[in-house]
Each structure stands twice: as C-alpha cells, then as structure tokens.
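Only one structure is covered here, and it is reproduced in the block below.
The values are calculated or read from the model by the stated rules, or taken from the named source; none is laboratory data. In this text the structure is predicted, and so the values were computed from the model without any measurement. Reconstructed Cβ throughout: ideal geometry from the backbone, glycine too, with neighbour counts over all protein chains shown. SASA here: full protein model, heavy atoms, side chains in, ligands and nucleic acids out. Shrake-Rupley method; radii C 1.70, N 1.55, O 1.52, S 1.80 Å.
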Amino acid sequence: MKEKMMAAVLYAPGDLRYEEVEIPKIGPNDVLLKVKAAGNCGSDLQRIMVEGTHVFPCIPGHEFSGEIAKIGEKATSFKVGDRVTAYPLIPCMRCEWCLQGQYNLCEDYDYLGSRSHGAFAEYVKIPVVNLVRLPKEVDFDEGAMTDPACVALHGIKRAGGIKPGQSVVILGTGPIGMLACQWVKAMGAGKVVAVDIVEDKLKIARELGVDVCINAEKEDVVEKVMEETKGKGADVVMETAGSTATQRQSLLIARKRAKVILIGRSYSDVLLPDEVFTRIFRGELEVYGAVNSNFSPLDNEWKISVQFMASGVIKAKPLISHRVKLKDIAETFKSMYEGKMIYNKIIFSP
Ligand SMILES: [Zn+2]
Ligand SMILES: [Zn+2]
C-alpha cells in the first residue's frame, strides 16, 4: 500500500491546504477507511473559516462514509472491503456520562475532524468500535449523511418523541431541519410546518412531505404559525437554524406546555426580550438542548438511522446540493464563507 495520500489540512482559520500527507498509521483496535464521501457539517464553515480546529494542523471532516482498506489485528469484527460510516466522537469511557453510555455528553472526548484528523482526505483512521455498517440499500453519499440524520433524531428523542397528531414547527431547512421533518412525519406528527428564507430549500421540504412552508423573508413567522394552529401555537418546535431571530421565534410560536428543542448553535449572544422570556414561564414551556447523538449499545441512534434510510422512510439524497472534488474544497469553503453560494449538503469525494 502507498504511504502518502492527499488531504485538506487546516493550518489556521481560513488556511485550508490540499496537500500530500502521510497515510495514518493504525493501532490494533483501529481500521483505516478509504473515504468515498464526506459532507460539510453546519459546524465546518465556522470551524474552518473562523474558529479553527482544536489542534493544528488538522484534517477536518466528520460526516463521511467509505470502504475499509485495512484492519488492526484486534479489529476483527469488520473486514477489508466492508462499507461503513462512523460515529465521529471518541468517548473517554471514564467520565460519569460515558459510564452511563451518554457519550455525547463526555467530559473528555476526542473528535474526528476537530481534535484528531478527519475525513476530508483519501483515508481516515477510526477506532473499530465507532463503525456502523451500511445496509446495501444505502449508498456512500447517503451513508455520509447518517450523522445529521442522527442529530435530528436525537433532538426529537430528547423531548420524548412525537405523539400522533401533534403539530410541529421546524425552524431552518438545512440538512438537520429536513431530516427532522421526515423523522417527525414518520413518528406520526400531524401538521408539520417548515420555516426558512431560501425558497429552493422550502421547495425540497415540501417535496419531502412538509404540510406548510413559511418563507420568513416574506411572511411573519409568528402570525403565520398562529394562523396554522388555530391561535394556539405548535405542540413541538425544533430550532435548527442557529440564528438569534429563529431562537427567539422558537419560544414565541410554541403553545402552552409545548416542547421547544434547541439544536442550532448560537454564534452570538441571544437576547430574550421580556415578551419572549415571559412566554417560557407563563406558557410553562419545556426547553430541551440537544447535542450530537447517542451511540451506546442500549440506544444506538446510528443503527436506527441507517435502517430507516435503507427502508426509504428517511431520504437523504434530496439534501445534496453540490458534489465537489476534494481538491476544490478550499475554494468551496471560501465561496460559502463569502456568501457566494447557496448550498445545502455538499458531498466532497477524493
Ligand atoms: Zn456535524
Ligand atoms: Zn467520557
């Protein structure tokens, strides 16, 4: 096997270089994966262009799929040629959360693509216990979107799932929002409303089964949701856009005793006007934070997600807006950052 590979290496915020590096050396419990598809996570733009990775140099990319090229001597539960995706979080297995199987809350985790080398490369090294087999119905592009499918599912499960007939509003129709729309429909939601400012994304949301689409640039979101819910507000609200406007709206469009699930990050202070804050306690709202996804043997959202993709209930393909060669990744992130591109999921392939 060759010793060098091409990879996108981040040296500093905004300094992503496509260059030749050593192929990672694997330990006894690792596999070496030949990357077939790697997607841009919402967090990657901020990570690559503004905040940087935790260590430099670092190969970003944590949503991916591929074929096993090499296995460590103890990694025998998989074999060369197996098609897989992987949970990018490497738990410490010592903290109280890891001992309860809540790896997403680990106090001292490692992470592919921000703390260790990730998948914007020809090859990536992964602990064998983090692998998830792809069913034959799930191709590499879809497999690379298992991570956002799990993040959406985890958010809904945090709030106890959806009861049949409940109204749901999803703010933001990026990949997580569109996957959330499909999960809540699959769980029996009644009216599902999606909110965004990009008409093309709303069009796809409509094709994926959303009942009502609101373009927040053209309509008043709070007014429109009230109209659609007979003046009561939604039973469940999911905030996936990560903007201060939608974070405030998420609380204003919730009915009394509603569940509000916050999945989007805030990149600046979120000021809650009195009207919004009052809504939380007068409406007895239940506000849930949700981060990453569960991977424990007792509650493995990754295995659930690939099964639902295989059966066609969760459709990931319509989320792909661009397919780009890995060598063009630096320019792609630059034009995303400069606002020159309207995109949803971008799949990079070596
Ligand atoms: Zn991510
Ligand atoms: Zn831990």
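Assorted remarks:
- Within-15-Å neighbourhood charge of Gly190 [Cβ basis; K, R +1; D, E -1]: +4
- Taking amide hydrogens as placed 1.01 Å from N in the peptide plane, the amide H of Ala189 sits under 5 Å from those of Gly165, each at least 5 positions away in sequence or on another chain.
- For the range 60-71, 3J(HN,Hα) per residue [Karplus equation, 6.51 cos²θ - 1.76 cosθ + 1.60, θ = phi - 60°, Hz, x = Gly/Pro]: x, x, 10, 10, 7, 8, x, 10, 5, 9, 7, 10
- Full-extension gain in nm, Lys191 to Cys92, via 0.36 nm per residue minus C-alpha separation: 31.5 nm
- 23 Å tail of the calculated P(r), the range 160-289, as % of Cα pairs: 22
- Under 5 Å from the amide H of Ala216 lie the amide H atoms of Asp196, Ile197, each residue being 5 or more positions distant or on a separate chain, with H modelled from the backbone and absent for Pro and chain starts.
- Entry for the chain at q = 0.06, 0.11 Å⁻¹: log10 I(q)/I(0) = -0.21, -0.72, Debye formula applied to identical alpha-carbon scatterers, no solvent contribution.
- Heavy-atom accessible area ranking, 1.4 Å probe, most first, across Lys25, Lys163: Lys25, Lys163
- The convex hull around the C-alpha trace of the range 1-63, projected and averaged over every direction, spans 4.9 square nanometres.
- Hydrodynamic radius (Kirkwood) for the range 104-163, which is based on Cα pairs only, to one decimal in Å: 14.0
- Entries of Lys185/Lys230; Lys125/Lys327; Lys201/Lys334; Lys34/Lys74; Lys163/Lys218 with Cα pairs more than 24 Å apart: Lys163/Lys218
- Computed accessible area, Arg248, all protein chains, 1.4 angstrom probe, square angstrom: 80
- Set of lysines near Lys232 by C-alpha distance (under 16 Å), chain-local residues within fewer than 8 positions excluded: Lys191, Lys224, Lys256, Lys259
- Shape call, the range 152-233: gyration tensor on alpha carbons, a/c limit 1.5: oblate
- Simple label model, 7 Å out from Cα along Cβ direction - Ser266 to Glu73, nm: 5.3
- Surface accessible to a 1.4 Å probe, Phe140 within the full protein complex, Å²: 50
- Under 12 Å from the Cα of Lys79 - aspartates and glutamates, other chains or at least 8 residues apart: Asp30, Glu67
- Derived scalar couplings ³J(HN,Hα) [the range 16-28; Karplus, 6.51 cos²θ - 1.76 cosθ + 1.60; whole Hz; x for Gly, Pro]: 9, 10, 8, 8, 8, 9, 5, 6, x, 8, 9, x, x
- Largest first, the residues Asp139, Asp200 sort by 1.4 Å accessible area into Asp200, Asp139.
- Taking the average, over residues, of other Cβ atoms within 10 Å as the packing measure, peptides 301-314, 27-40 rank 27-40, 301-314 from highest down.
- Cα gyration tensor category, rounded, prolate or oblate, for the range 1-113 with a/c compared to 1.5: oblate
- Beta bridge orientation in the chain: antiparallel %, DSSP, nearest 5: 55
- Residue-level accessible surface for Glu137, protein heavy atoms, 1.4 Å, Å²: 100
- Taking all protein chains together and a 1.4 Å probe, the residues Tyr103, Tyr11 rank Tyr11, Tyr103 from largest to smallest accessible area.
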